[in-house]
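Let me begin by presenting the structure, written as structure tokens, before commenting on it.
Laboratory data are not the source of any read-out in this text; all were calculated from the coordinates shown. None of the values given here were measured: they were computed from a predicted structure. Counting neighbours? That spans all protein chains shown, and the Cβs are built from the backbone with ideal geometry, glycine included.
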Amino acid sequence: MQRYFVPAAQLEDKSVALVGDDARHVAAVMRSKPGDCFIACDGNGRDVLAKIVSVDKEKVHAEIVEELTSNAEMSWKVTVAQSLPKGDKLEIVIQKGTEAGAIAFQPFLSQRTVVQYDDRKEAKRIERWRKIAKEAAEQSHRSVVPDIHAVRSWKALLQQFEQYDLVLFCYEEEGRSGNGLRDLLASFKTSELTAKATSAPRIMVVIGPEGGFTPQEAEAATASGAKWIGLGRRILRTETAALFALACLAYESGELGGI
């Protein structure tokens, strides 16, 4: 069933309204009629089943039939911090990372970032990234649209580390030495912090650009509280690394069973 994320103001106690692109999608693409149903989400965990009362290309009115319970979110709140890659690779990371369960994306600049960053174009790019995240969240039937944060400097990113229960710094040198993710997460899951946590652990995964991180950046990351990890013995493309890490975290968090 088609799913739409709507602002909380449009999702009331007994009714919901779709406007703009969502209304046009219902009318022109789905060709829905009164009596048809869709799922509406406020992006903060409230999902409802709604039945269309009236429909046109500008606005769709629907009545709420049922409050739904969703279990589509990962039990760990994972933020992907991605050094800006070339081309449209960040769009791929956001789209596929949303499907894989990331709760937020934090683009940043590092020493080997190749992209010539232009802050005058940032608002337009962030708007596009947020649209990609919204559409991917709808497609994958999530209850939350991931946050897309403004691009930060390397120094500003390091200052964010203290906000997380665990920061995983993906460093290819650790992969070569065999120091991977599994043992670190096993320790994390049994730690006093995790065992007594009343809310989902907040984890950040830090991914470097096409050329990887410099040794100086790796040292600065660990000095700021991050844990070095490898993602296996092979060298992954920057747009692959985040998705690989998210899959590992989904497995270790128990999403695929076994815990």
How long is the gain from Gln139 to Ala223 if the chain were fully straight, where each residue apart is worth 0.36 nm and the alpha carbon distance is subtracted? 26.3 nm
Positive-end residue of Ile207, Gly257, Ser140, charge dipole of the chain with Cβ unit charges: Ile207
Quick check on the chain: of the DSSP beta bridges with both residues there, what percent are antiparallel, nearest 5%? 45 percent
Can you compute the label reach from Asn44? Point 7 Å from Cα along the Cβ direction, backbone N cut-off under 16 Å, restricted to segment 117-149. 143-147
Once you've got the Cα coordinates, tell me which of Lys96/Lys134; Lys33/Lys131; Lys33/Lys134 are over 18 Å apart. Lys33/Lys131; Lys33/Lys134
GNM on the chain, Cα springs under 10 Å; top mean-square fluctuation among Met204, Met74, Met30 goes to Met30
Using the alpha-carbon atoms, what tilt in degrees (0 to 90, nearest 10) does helix 181-190 show relative to the longest principal axis of the chain? 70 degrees
Across the chain, how large is the tail of the calculated P(r) beyond 30 Å, expressed as a percent of all Cα pairs? 35 percent
Share (percent) of C-alpha pair distances in segment 3-68 greater than 18 Å works out to 22 percent
So what's the net charge close to Met1: Lys and Arg +1, Asp and Glu -1, counting the other residues with Cβ under 13 Å from its Cβ? -2
Among Gln10, Ile126, Leu166 - extreme Cα towards positive end, dipole of the chain, charges at beta-carbon: Ile126
Using a Förster distance of 41 Å, how high is the FRET efficiency between Ala200 and Arg31, based on the Cβ-Cβ distance and rounded to 0.05? 0.55
Can you list, bin by bin at 5 Å, the percent of alpha carbon pairs in segment 211-253, starting at 0? 5, 18, 23, 24, 22, 7, 1
Can you tell me how much longer the chain between Glu99 and Lys51 gets when fully stretched, taken as 0.36 nm per residue apart minus their C-alpha distance, in nm with one decimal? 14.7 nm
Separation of segment 50-96 and segment 216-259 by C-alpha centroid, Å? 24 Å
If R0 = 25 Å, then Thr69 and Ala8, at their Cβ-Cβ distance, give a FRET efficiency to the nearest 0.05 of 0.85
